[in-house]
Amino acid sequence: MELTNASAIVTGGASGIGAAAARLLAKKGAKVVVADLQADKGEALAKEIGGAFCKVDVTNTQDIINATEMAKSMGPIRALVNSAGIGWAQRTVGKDGTYESAANLDAFKKVIAINLVGSFDCIRIVGTAMSRNEPLAHGERGAIVNIASVAAFDGQIGQASYSASKGGVVGMTLPIARDLAAIGVRINTVAPGLIDTPIYGQGDASEAFKTNLQKGVLFPQRLGSAEELASMVLECITNSYMNAETIRVDGGIRMPPK
């Protein structure tokens, strides 16, 4: 799918995988709306790639509409990357056996609200805008890529909310693809493994932690880069025969219980 003179939206686009995807989309000719809560980083990236920044909380439908309208003003929306997300680790049952020490239900709901419901809200709003595009060759109007995680399949101890949210993203990919086929919009999901992003911090302790993590990666035995993930995201958007798939990009890792 050609992206020149088109627009794209990347949620969570101010850093990590989202930022790498935004840069690649811009290189392919798209005008990118960096949709994020981090205004300082988002505005700097938007300036760097010739796009625009929109402050977006994906749990707020009006924010998503604002980003969509901004993108429409820059060109027909051909791409959406759902990269906004959070993680949360907690045991389901506390060690002291009291009800109060059980997992925080509000925290569980928040992860689901952002990672799963937020992704679906973006899909339904941006997908609606895509449905109004003039079709390209073979009736194509746009493409959507969700960012899930290998935790959708290999969730570790404490990852119940995160795994549930990402498993939901994986699970809704096929039915949404079947749904959006009627309007000429494709959707795929990319499930990253252990990716070297700022989430791990900096310094000697951070490097030692990452060195331990990468021992479970088959080959190459290292953490992945945001650029490697973004490359797959871009392929899912530009390759018009990619549809309804979830693709692991993880160096072959299968996560242990902890």
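The values are calculated or read from the model by the stated rules, or taken from the named source; none is laboratory data. Source: prediction; values computed, not measured. Cβ placement follows ideal geometry from the backbone for every residue including glycine, while neighbour counts extend to all protein chains displayed.
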By residue number, the members of the stretch 169-188 that are under 16 Å from I114 (Cα atoms) and surrounded by 19 or more Cβ atoms within 10 Å (Cβ to Cβ) are V169
Would you confirm whether or not the stretch 52-60 contains a residue that is closer than 23 Å to I195 by Cα and assigned to a loop (DSSP other than H, G, I, E, B)? yes
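Of these, D96, D106, which one is of a type in the set (D, E) and part of a loop (DSSP other than H, G, I, E, B)?
On the way: D106 fails: part of a loop (DSSP other than H, G, I, E, B).
Unique residue meeting the criteria: D96.
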Could you say whether any residue in the stretch 69-83 is in contact with an Asp or Glu (Cβ under 9 Å, 6 or more places away or on another chain) and part of a strand (DSSP E or B)? yes
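Matching residues to (1) aliphatic (A, V, I, L, M); (2) touching a residue at least 40 places away in the same chain (Cβ under 8 Å):
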site	(1), (2)
P76	no, yes
G97	no, no
L116	yes, yes
R124	no, no
R141	no, yes
Mind listing whichever residues of the stretch 189-212 are buried (at least 16 other Cβ atoms within 10 Å of the Cβ), farther than 15 Å from S119 by Cβ and modelled with pLDDT of 85 or more? G193, L194, I195, D196
Selected residue [in contact with a His (Cβ under 9 Å, 6 or more places away or on another chain) and on the phi > 0 side of the Ramachandran plot] from G252, G184, G201: G184
Output the residue which, of all residues in the stretch 70-110 that are surrounded by fewer than 20 Cβ atoms within 10 Å (Cβ to Cβ) and among the basic types (K, R), is farthest from G127 (Cα to Cα). K95
Residue identified as modelled with pLDDT of 95 or more, within 24 Å of V185 (Cα to Cα) and touching a Phe, Trp or Tyr at 6+ places or on another chain (Cβ under 9 Å) among A71, A84, A35: A35
So S163 fits all but one of (1) closer than 19 Å to C236 by Cβ; (2) under 18 Å from the mean Cα position of the chain (by Cα); (3) small (G, A, S); what number is the exception? (1)
Name the one entry in I114, I157 that is in a helix (DSSP H, G or I), over 21 Å from E235 (Cβ atoms) and of a type outside the set (D, E, K, R). I114
First in the stretch 54-67 and under 13 Å from V10 (Cβ atoms) and small (G, A, S), second anywhere and surrounded by fewer than 16 Cβ atoms within 10 Å (Cβ to Cβ) and at pLDDT below 95, Cβ under 8 Å, 6 or more apart: none
Can you pull out the residues in the stretch 213-252 that are over 19 Å from P198 (Cβ atoms), part of a helix (DSSP H, G or I) and β-branched (V, I, T)? I237, T238
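Restricting to the stretch 7-40, what's the tally of residues that are under 18 Å from D63 (Cα atoms), more than 14 Å from the chain's Cα centre (by Cα) and assigned to a helix (DSSP H, G or I)? So that I can check it myself, show each step before the final result.
Residues of the stretch 7-40 that are under 18 Å from D63 (Cα atoms), as a first pass: 7-14, 18, 32-40.
Next, only the ones that are more than 14 Å from the chain's Cα centre (by Cα) stay: 7, 32-33, 37-40.
Narrowing the set further to residues that are assigned to a helix (DSSP H, G or I) leaves 39-40.
Looking only at that region, the number is 2.
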Any chance the stretch 133-149 includes a residue that's over 16 Å from the mean Cα position of the chain (by Cα), modelled with pLDDT of 95 or more, in a helix (DSSP H, G or I) and of a type in the set (A, V, I, L, M, F, W, C)? no
